[in-house]
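A short write-up of the structure that comes next.
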Ligand SMILES: [Zn+2]
């Protein structure tokens, strides 16, 4: 397998997958040169474990389920409704823990990958922090009174979900970069 590296942005790609321009920065194919592995095994193993990309699914899934259940409970009779409210409550408790872990693994992944805090990584850290703050607010609201504040929780989980979407959009472009 022949790997090439973009001399402009550092993007590393399989020769066969490279088209006319760099998928990360748009520079012409000519700027690519042969890439030899200069990355330590430890770094490569850490990145290939995909801990952060795996973890990102948890907070997004939890917010999505909170969102769906919060809507669902409006249409459901009392017995099952209590079960749903309890489930939402537990998910609200778990959310900040998973968001925090995802951010920490994300910073580890980003620093291993890029060797520095780049503008995009900074943007991800800020957005991730917004996600964390919102998840803590959701937790507090749930503890105060889940039933009374459910609409607010529903709204905040929509915002969280959008945050998660933006984060994974940026993350998708970062995942192909490994700085030697
Ligand atoms: Zn490039």
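The values are calculated or read from the model by the stated rules, or taken from the named source; none is laboratory data. What you see is a predicted model; the values in this text were computed from it and never measured. Cβ coordinates were reconstructed from backbone atoms using ideal geometry, including for glycine residues, and neighbour counts include every protein chain displayed.
Take the conditions (1) outside the structural domain of residue 111 (by TED's automatic domain parsing); (2) touching a residue at least 60 places away in the same chain (Cβ under 8 Å); residue 66 misses just one of them, which is (1). Looking across 107, 103, 76, one residue alone is over 20 Å from the mean Cα position of the chain (by Cα), over 20 Å from residue 141 (Cβ atoms), modelled with pLDDT of 85 or more and assigned by TED's automatic domain parsing to the domain that holds residue 158. It is 76. In the set (1) modelled with pLDDT of 90 or more; (2) within 30 Å of residue 122 (Cβ to Cβ), the condition left unmet by residue 84 is number (2). Please find, within segment 131-151, the residue that is nearest to the chain's Cα centre (by Cα) out of those that are crowded, with 18+ Cβ neighbours inside 10 Å and over 11 Å from residue 92 (Cβ atoms). Checked segment 131-151; the qualifying residue nearest to the chain's Cα centre (by Cα) is 131. Against the conditions (1) at pLDDT below 95; (2) assigned to a helix (DSSP H, G or I), residue 116 satisfies every one except (2). Of all the numbered requirements in (1) surrounded by 15 or more Cβ atoms within 10 Å (Cβ to Cβ); (2) closer than 22 Å to residue 110 by Cβ, residue 85 misses one, and that requirement is (2). Here segment 34-76 is the region considered, the condition is being farther than 27 Å from residue 101 by Cα and surrounded by 17 or more Cβ atoms within 10 Å (Cβ to Cβ), and the residue that is nearest to the ligand (Cβ to nearest atom) is 35.
Quick check, is residue 12 in contact with a strand residue (DSSP E or B) (Cβ under 6 Å, 6 or more places away or on another chain), farther than 30 Å from residue 139 by Cα and either touching a residue at least 40 places away in the same chain (Cβ under 8 Å) or not assigned by TED's automatic domain parsing to the domain that holds residue 159 (or both)?
Values: in contact with a strand residue (DSSP E or B) (Cβ under 6 Å, 6 or more places away or on another chain): yes; farther than 30 Å from residue 139 by Cα: yes; either touching a residue at least 40 places away in the same chain (Cβ under 8 Å) or not assigned by TED's automatic domain parsing to the domain that holds residue 159 (or both): yes.
Yes, satisfied.
Each residue in segment 103-150 was checked for being touching a residue at least 60 places away in the same chain (Cβ under 8 Å) and closer than 16 Å to residue 64 by Cα, and 4 of them qualify. Residues in segment 10-21 that are within 12 Å of the ligand (Cβ to nearest atom) and at pLDDT below 90: 4 in all.
For residue 31, indicate whether it is surrounded by 11 or more Cβ atoms within 10 Å (Cβ to Cβ), within 16 Å of the ligand (Cβ to nearest atom), over 23 Å from residue 112 (Cα atoms) and modelled with pLDDT of 80 or more. Yes. Looking across 49, 61, one residue alone is assigned by TED's automatic domain parsing to the domain that holds residue 157 and modelled with pLDDT of 90 or more. It is 61.
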